[in-house]
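Student: Pasting a structure below so you can have a look.
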Amino acid sequence: MSTAFEKMNLSGNRVAEVFLHKTANGQFIAAVPDIHWSAKFNQIDELHDQFVHLQSSLNFHMFEGNTDELAESIIAMVKKFNHKQDVI
């Protein structure tokens, strides 16, 4: 399993670490421990579908903040993570 993390803005001045794990079978697990949230999804082929999945899940767990922005940031993190893995 490969892992990466970044600090992302949740709302206002609230920043949290977002962890991304890529499993041996190519699935991704994104987690934000500060809000007790995680989501598992397959390879990032269908970006729009994955965005909707993350956004829906985040909407359920976050009462404040921009879930669109956070979901987009997580998708961008996955793209960056995949690019680094392709280079290695």
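What follows is calculated from the coordinates using simple rules that are stated; it is not laboratory data. As the structure is a computational prediction, the values presented were derived from the model and not from experiment. In this analysis, Cβ positions are derived from the backbone assuming ideal geometry, glycine residues included, and neighbour counts consider all displayed protein chains.
Student: Explain nothing, just compute: Karplus ³J(HN,Hα) = 6.51 cos²θ - 1.76 cosθ + 1.60, θ = phi - 60°, for every residue of the range 4-16 in order, whole Hz, x for Gly and Pro.
Tutor: Using θ = phi - 60°, the values come out as 9, 8, 9, 8, 10, 7, 8, 5, x, 9, 7, 10, 9 Hz.
Student: Please state the relative contact order of the chain as a whole percent: Cα pairs under 8 Å, 6+ residues apart?
Tutor: 23
Student: With 19 Å as the cut-off, how large is the P(r) tail for the chain, expressed as percent of Cα-Cα pairs?
Tutor: 32
Student: Quick one: 3J(HN,Hα) in Hz for the range 20-30, Karplus 6.51/-1.76/1.60 with θ = phi - 60°, rounded, Gly and Pro as x.
Tutor: With coefficients 6.51, -1.76 and 1.60, one gets 10, 10, 10, 7, 4, 8, x, 7, 10, 10, 9 Hz.
Student: Sort 10-22, 69-81 by packing, meaning the average of other beta carbons within 10 Å per residue, with the highest value first.
Tutor: Values: 10-22: 15.1, 69-81: 17.7.
So the peptides 10-22, 69-81, ranked by packing, come out 69-81, 10-22.
Student: Rounding to the nearest 20 debye, state how big the charge dipole of the range 2-87 is about its Cα centre with +1 on each Lys and Arg Cβ and -1 on each Asp and Glu Cβ.
Tutor: Charge dipole, the range 2-87, about its Cα centre: 300 debye, nearest 20.
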